[in-house]
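The numbers here are math on the coordinates, done by the rules we state, and not lab data. Fair warning: this is a prediction, and the values are worked out from it, not measured in the lab. Reconstructed Cβ throughout: ideal geometry from the backbone, glycine too, with neighbour counts over all protein chains shown.
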Amino acid sequence: MSSFPFDPRAWLPGRTYDVAGKVVLITGAGQGIGLELATLLHARGARVVVTDVDAIAARTTASVLGSPAYPIGADVTDREQMDMAVAEAVRHFGRLDVVVANAGVTPVPATIRTMDPADFDRVLAVNLTGVFNTVHPALDQIVATGGHVVVVSSCAAFAPGMGGSPYMVSKAAVEQFGRALRVELAASGASAGVAYFGIVETAMTHDMLDADDLGRRLDGMLPWPLSVRITAADAARTIADGIARRAPRTIAPAGWEPYALLRGVVNLVLDSRLTASSSVHELVRAIETRTAADRSRKTRP
């Protein structure tokens, strides 16, 4: 492994971090936020490693971006594949400066009582273990280059999780992973940040909240301004600007900021109200009824 000179002043608060010429590996870069981020950082002069479970999407994105983008097909749930992806990125570019653990999935809407345990495992494998598998093999390089890591959590990390608890569980765990990582990397002069988003207009969001009546009812429970949606490009810009200032945290849209800061108090009140809400009770019953119907169809000969 090559070593690189590092100036500790480069990461002090208030100083910028220019991605021009830096090597940035992004997971889930074949679509959605990852694609928009790869496009934006490439435009800012970064050498982008486009990593996605869909190797064709990774190659297509890299081809559209042009040199010096480099595609790697890899599944974040496969530790060996991610080890090899990081090693390949370093072989190709000679270094690695920034990692963005962005890949994520949502669960099939279900209550904890009625969910398929395999779906719980799938969401945690991608959203949580996948973050570890992405970040861990890259850390020697991040330390050597005095670089930066971004883990993508969600405002779901501190929001009620009825009907989609695996997602909230995974994102809360990613938040804690990122906080620990930030403190640990500071000792070596590198840095890390956690990105939080509310509702982002992506195919994943559409499948969960817009595709049927239950999803729309879940979405309708969010009051303004928490119901405000942002585009994938908006989310990508938030991450990119956060990297530029080595931000310990970024959050968008801005309406979630007061909730994030006051979550300890807000959640006590909110959980009490949701527990007593007849509308929530009806929604939970509707989710469980549909889950039972779906399971019956799958087992029917």
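Compared with the dominant principal axis of the Cα atoms in the chain, helix 55-65 is inclined by about 60°. For the chain, the longest principal axis of the Cα atoms and the long axis of helix 165-186 meet at an angle of about 30 degrees.
Shape call for the range 223-277 from the C-alpha gyration tensor, a ≥ b ≥ c root eigenvalues: rounded (a/c under 1.5), prolate (a/b greater than b/c) or oblate?
Values: a/c = 4.13, a/b = 1.97, b/c = 2.10.
Oblate shape, in that a/c is at least 1.5 and b/c is the bigger or equal ratio.
Give the order of T61, T106, T27 when sorted by the count of other beta carbons within 10 angstrom, beginning with the fewest. Show your work: numbers first, answer last.
Numbers: T61 25, T106 20, T27 31.
Neighbour counts put them in this order, fewest first: T106, T61, T27.
Less than 5 angstrom separates the built amide H of A192 from those of V149, all sequence-distant by 5 or more or on a different chain.
Cut-off 17 Å, label point 7 angstrom out along Cα-to-Cβ of D54: give me the residues of the range 89-129 whose amide nitrogen falls inside. Correct set: 102-106. Ordered by the number of other Cβ atoms lying within 10 Å of each residue's own Cβ, fewest first, M82, M168 fall into the sequence M168, M82. For the chain, modelled as a Gaussian network with Cα springs under 10 Å, which listed residue fluctuates most, A57, A180, A172? Of A57, A180, A172, the most mobile in the Gaussian network model is A180. A cut-off of 5 Å between modelled amide H atoms, ignoring neighbours fewer than 5 places along the same chain, links V50 with Y70, I72. The alpha carbons of the chain give a radius of gyration and a Dmax of 19.8, 67 Å, in that order. Here the label points at A244 and T16, each 7 Å from Cα along the C-beta direction, are separated by 0.7 nm in the simple model.
Between the C-alpha center of the range 273-287 and that of the range 73-131 there is a gap of 32 Å. Of the residues A85, A260, A69, which exhibits the maximal mean-square fluctuation in a Gaussian network model of the chain defined by a 10 Å Cα contact cut-off? Maximum among the listed residues: A260. Between S154 and F197, the built amide H atoms are under 5 Å apart, and every one of these is 5 or more places off in sequence or on another chain. Using Cα atoms only, what is the angle between the long axis of helix 79-93 and the major principal axis of the chain, expressed in degrees (0 to 90) to the nearest 10? Roughly 30 degrees, rounded to the nearest 10.
The phi torsions of the range 23-34, fed into the Karplus equation with coefficients 6.51, -1.76 and 1.60 and a -60° offset, translate into couplings of 9, 10, 9, 10, 8, x, 8, x, 7, x, 4, x Hz, rounded to whole numbers, with Gly and Pro shown as x. What spacing in nm lies between the two simple spin-label points modelled at S278 and R297, each 7 Å away from Cα in the Cβ direction? So the two model labels end up 3.1 nm from each other. For the chain, a Gaussian network of Cα nodes joined below 10 Å ranks G34, G163, G255 by mean-square fluctuation, and the top entry is G255.
Listing S272, S277, S154, S165 from the residue with the fewest other Cβ atoms within 10 Å to the one with the most, what is the order?
Placing the least packed residue first, the sequence is S272, S277, S165, S154.
The slack in the chain from E184 to V228, taken as 0.36 nm per residue of separation less the alpha-carbon distance, amounts to 12.4 nm. Here the relative contact order of the chain, from alpha carbon pairs under 8 Å that lie six or more residues apart, stands at 18 percent.
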